[in-house]
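Asker: I have a structure here, written as structure tokens, and I will follow up with some questions on it.
The values are calculated or read from the model by the stated rules, or taken from the named source; none is laboratory data. Please read all numbers here as calculations on a predicted model, not as lab measurements. Here the Cβ positions follow ideal geometry from the backbone for every residue, glycine too, while neighbour counts run over all protein chains shown. The accessibility values were calculated without ligands, DNA or RNA, using every heavy atom of the protein model including side chains. Shrake-Rupley method; radii C 1.70, N 1.55, O 1.52, S 1.80 Å.
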Amino acid sequence: NATTQLESIENFITQGVDAIIISPVEAESLAPVVEEAENKGIKVICESNMIAGAETVVGISNYEAAYSVGSYFADYCSANSIEPKLLILGYESLENCRQRVEGFKAGMDDKGLKYEVLTEIDGGFREVSLNVATDAFTAHPEINAVFGINDDSTIGAVEAAEALGMDLDGICAITYGL
């Protein structure tokens, strides 16, 4: 969590390390301590999400990559006369995961795809996604598409659909894929 990361960075600064590599949970809350590290000559390298004041970020734009997925999905649905009724498995507490969901939706929106999000819930981990997807499919048997912010999310949803005896030929499963 962000508090643990904040404490870890503070400890690294105290230890006088040369560099810190971090995959930030909440980039905004870490900016002041990252600035402190950089001011003391400690380089901060971010993975996936940039923290203001850090030296650099390694990774792709989660928003842009998911936008491409949403755009591709919209083209697929249009070509196959599918009007998606979506289950979205995100992970709200992580900024990069929020960017994936936002990018996916924007890609569909910009293509003019008519869709409905029936349930948007935290997944993130295979077992969690299996459980929440089971509940979602039970409450909304008309779900015909799943977007997961990572492979575990989507795999958990597919396993839930299989366990419920759903026709998998009628469900599009899309993953951001990590």
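Residue-wise test of (1) within 21 Å of Asp152 (Cα to Cα); (2) touching a helix residue (DSSP H, G or I) at 6+ places or on another chain (Cβ under 8 Å); (3) of a type in the set (Ser, Thr, Tyr).
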| position | (1), (2), (3) |
| --- | --- |
| Tyr67 | yes, yes, yes |
| Lys85 | yes, no, no |
| Glu116 | no, no, no |
| Glu120 | yes, yes, no |
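Asker: Out of the stretch 88-143, which residues are assigned to a strand (DSSP E or B), at pLDDT below 95 and acidic (Asp, Glu)?
Answerer: The one that is assigned to a strand (DSSP E or B), at pLDDT below 95 and acidic (Asp, Glu): Asp122.
Asker: Failed condition for Ala52, given (1) out of contact with any Phe, Trp or Tyr (no Cβ under 7 Å at 6 or more places or on another chain); (2) part of a helix (DSSP H, G or I); (3) of a type in the set (A, V, I, L, M); (4) surrounded by fewer than 18 Cβ atoms within 10 Å (Cβ to Cβ), with all others met?
Answerer: Ala52 satisfies all of (1) out of contact with any Phe, Trp or Tyr (no Cβ under 7 Å at 6 or more places or on another chain); (2) part of a helix (DSSP H, G or I); (3) of a type in the set (A, V, I, L, M); (4) surrounded by fewer than 18 Cβ atoms within 10 Å (Cβ to Cβ) except (2).
Asker: Return yes when Ser68 is within 30 Å of Lys114 (Cα to Cα), open to solvent by 50 Å² or more (accessible area, probe 1.4 Å), at pLDDT below 90 and under 23 Å from the mean Cα position of the chain (by Cα) and no when it is not.
Answerer: When the stated conditions are applied, Ser68 does not pass them.
Asker: Here's a follow-up. Just to be sure I understand the filter: pairs with C-beta atoms under 6 Å, separated by 6 or more residues or on different chains, first member in the stretch 128-152 and acidic (Asp, Glu), second member surrounded by 19 or more Cβ atoms within 10 Å (Cβ to Cβ) and part of a strand (DSSP E or B). Which pairs pass?
Answerer: Pairs found: Asp151/Thr175.
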